[in-house]
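Trainee: So that we are looking at the same thing, I have put the structure below in structure tokens.
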Amino acid sequence: MPCTSLIINCLSQFDYFGIIIKLYYGRIDLYSTVDNNLLAKMYMEKKIRMSLHNLSHRKYDFETFMVPHNTSIGLLVDGECNHTKELYLEAAKLKLFDSTHSWLVFPDVQGPENDTEDFIDDMFADVELYVNADIVVPSYVGDHYKLTDVYNFGRIQGNPLEKMVIGAWEQRAGLVIYNKTFKYYQRWDFHNLTLRAVSVILEPPKDFYPEILTEMKYTPGIVRMTKIASLLLNILKEQHNFRFNYTIRSRWIGSPERNSTPMVSNALLWGDQDIASTSGRIFPKWLDWMDIFYPPVTHLETKFYYMIPDKGIGDYENRFLTPMSPAVWWCSLATAVVCIFGLAAAAMLERRPSPGIFAFFSVFATTCQQDFEDGAPLDETVSSQGRRAALLVVGLTSMLLYNYYTSSVVSWLLNAAAPSISDLDGLMNSDFELIFEDIGYTRGWFDNPGLFYFSGFKNPKEDILRDKRVLHTKRKLPPLQPVEKGIELVRTGQFAYHTEPFTASQLISRTFKEQELCELGGLPIMLPANAYMYGQRRSPYKKFFVWSLMRLLERGHIRAAEARFSGTIPPCSGRMPRSLALGQAAPAFVLLAAFTVLSVIIAMIERIWFRYRFKTSRPTINRRSKN
């Protein structure tokens, strides 16, 4: 049986391990029970399991003997059997013409090559085949068998049947494969195949043009991960000669129910589209609706942008002690005025002439690191400790302010300032009104309580944030705002705006001044999460696109695409003074207040002690004067 030998050699050369299934239709004249037993025995000797099924009455119950799609299966079909075309049509509906099912179909003719060509056209021209089909039709020509590979780049898209001779087999030489490269190298040119692609734009434009999906600038309603995926698909379609017929939807994920609003996910689930010209974050339950194409092509990241508040202690950065700011000068002036009045009062008690002038110039001279003396003679019984105490207070205050002032500047230069809001709790406790970019995944987050899209895991704080700070709270403006208006609202200092760094950078880098850049804060809400391209569930193009994306990754195309849409926000240059948190300077003010209280107590004790000594020493002085 040369036919049987051909089958075994072919399957062993191609590593078709698994189950060999022989489909036949009650051909008693060709395959008797004895022949089937001998065939099964020979397969068992080759350590190949097989199953024989009688499919004569057109009952193609494939589920009774088909194993899961992650197992390779070989199928041998006798083309001389009746109703084989119905078998192919039924198998195509179940997507059994894929890379995990290898079909070996013997034609019902063994004559000239034209007869074999006609047999292939007659059997498979109307069958829904794709680029992943693995069908070999052997034809006997003289002293050997010629092996013809049969596939279609896309029957449903209107492409013709493809036939290519891949090798030969003869009794002595065995199997000879002409081209042993990977299958998709041999199927490189897709012959201008038109694939149905679905993409996401929040509000589809009236005059759509494909270039809008890959524009380098920010485009309203189109996110970064859509631009990167579309750019990579453009590279592939130029390399492999296929094109896209685009359909635009407003959201990524929709209900799998048939009568629901069409979105990207359910359009792929229903088979209305072949591939998504976008990418997205994937959750486990969505894998039942579509197949992902790995590796990831980019990542999705979002932040809340806000202006750092200028009030509050400890939790927020404060501008009260900003170096060289008016508040610092007003603080120093107030301290000087207090010291002037205190020293003037002490000078009046010392009976100095012009106590106000003396007090003013004494404090002013101390500020200038100088000394002042009016030269007026004092009564020997009157002490000048008041002036010394006032000057000591001024000196200590200046020293403390200088130390904390310089240490804050040095720490600012050596260490990056921590964000004023570090987590969702700080955001929920802030006075900001939360607004969001009007985009598809944000609308999905609003409409689906319990969908922890930003965290990626169960996080009740997301629900609290949505319910208490977004949907059910007093608002000045609607929660969804376009990017241009959202960034302008951030500049007012009353709003925190949620968007992607790429989107925010397009406006912030062009409109924000240096001082505003230094005051800008960002709270990461969604940490960088992998974004995958995806296609139909059990897509016939999955293996091709996975292979293609791996090639793009190896050659640096994916990294280059991400760099094109990186969107970096300019950092604070450092020339503008940075805010110093009031809470960080609290020890200085506590120490100053403690010494102020101590100085008042010491002054009161000195005053009491002076009065007491003056009263006790007065009689002695009077007696001496009488004597």
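The values are calculated or read from the model by the stated rules, or taken from the named source; none is laboratory data. Just so it is clear, the structure is predicted and the values come from calculations on it, not from any experiment. Reconstructed Cβ throughout: ideal geometry from the backbone, glycine too, with neighbour counts over all protein chains shown. All accessible areas refer to the heavy atoms of the entire protein, side chains included, with ligands and DNA or RNA removed. Shrake-Rupley method; radii C 1.70, N 1.55, O 1.52, S 1.80 Å.
Trainee: For LEU553, are the conditions met, namely being modelled with pLDDT under 85 and of a type outside the set (D, E, K, R)?
Mentor: On the way: modelled with pLDDT under 85: no; of a type outside the set (D, E, K, R): yes.
No.
Trainee: On to the next question. Here is a list of conditions, (1) surrounded by fewer than 21 Cβ atoms within 10 Å (Cβ to Cβ); (2) modelled with pLDDT under 95; (3) out of contact with any Leu (no Cβ under 9 Å at 6 or more places or on another chain), and LEU465 meets all of them except one; can you say which number that is?
Mentor: Exception for LEU465: condition (3).
Trainee: Name the one entry in LEU580, LEU598 that is surrounded by 10 or more Cβ atoms within 10 Å (Cβ to Cβ), at pLDDT 80 or above and either assigned to a helix (DSSP H, G or I) or in contact with a Leu (Cβ under 6 Å, 6 or more places away or on another chain) (or both).
Mentor: Of the residues listed, the single one that is surrounded by 10 or more Cβ atoms within 10 Å (Cβ to Cβ), at pLDDT 80 or above and either assigned to a helix (DSSP H, G or I) or in contact with a Leu (Cβ under 6 Å, 6 or more places away or on another chain) (or both) is LEU598.
Trainee: Working only within the range 114-128, note down all residues that are open to solvent by less than 10 Å² (accessible area, probe 1.4 Å) and not in a helix (DSSP H, G or I).
Mentor: VAL127
Trainee: Now for a different question. Out of the residues in the range 235-282 that are open to solvent by 40 Å² or more (accessible area, probe 1.4 Å) and acidic (Asp, Glu), state the one that is farthest from PHE293 (Cα to Cα).
Mentor: Looking at the filtered set, the residue picked out is GLU257.
Trainee: Look through the range 155-175, keep the residues that are open to solvent by less than 30 Å² (accessible area, probe 1.4 Å) and in contact (Cβ under 8 Å) with a residue 60 or more places away in the chain, and return whichever of them is farthest from LEU94 (Cα to Cα).
Mentor: So the residue we want is GLY174.
Trainee: Report whether or not ILE569 is among the β-branched types (Val, Ile, Thr), touching a helix residue (DSSP H, G or I) at 6+ places or on another chain (Cβ under 9 Å) and modelled with pLDDT of 85 or more.
Mentor: yes
Trainee: Filter the range 416-445 down to the residues that are assigned to a loop (DSSP other than H, G, I, E, B) and in contact with a Phe, Trp or Tyr (Cβ under 7 Å, 6 or more places away or on another chain), then identify the one that is modelled with the lowest pLDDT.
Mentor: Filtering first and then ranking leaves SER420.
Trainee: What number goes with the only condition from (1) surrounded by 11 or more Cβ atoms within 10 Å (Cβ to Cβ); (2) modelled with pLDDT under 75 that GLN370 does not pass?
Mentor: Failed condition: (1).
Trainee: Checking the structure you have, find out if any residue of the range 191-207 is within 30 Å of the chain's Cα centre (by Cα), surrounded by 12 or more Cβ atoms within 10 Å (Cβ to Cβ) and free of Cβ contacts under 8 Å to residues at least 40 places away in the same chain.
Mentor: yes
Trainee: Is there a residue being open to solvent by 20 Å² or more (accessible area, probe 1.4 Å), more than 30 Å from LEU96 (Cα to Cα) and not β-branched (Val, Ile, Thr) anywhere in the range 532-548?
Mentor: Checking the range 532-548: not a single residue is open to solvent by 20 Å² or more (accessible area, probe 1.4 Å), more than 30 Å from LEU96 (Cα to Cα) and not β-branched (Val, Ile, Thr).
Trainee: Starting from residues that are small (Gly, Ala, Ser) and assigned to a loop (DSSP other than H, G, I, E, B), keep the ones in the range 261-289 and report whichever is farthest from VAL223 (Cα to Cα).
Mentor: GLY271
Trainee: Also: With LEU434, LEU424 as the choices, which residue is touching a residue at least 40 places away in the same chain (Cβ under 8 Å), over 17 Å from PRO478 (Cβ atoms) and in contact with a helix residue (DSSP H, G or I) (Cβ under 9 Å, 6 or more places away or on another chain)?
Mentor: Going through LEU434, LEU424 in turn, just one is touching a residue at least 40 places away in the same chain (Cβ under 8 Å), over 17 Å from PRO478 (Cβ atoms) and in contact with a helix residue (DSSP H, G or I) (Cβ under 9 Å, 6 or more places away or on another chain): LEU424.
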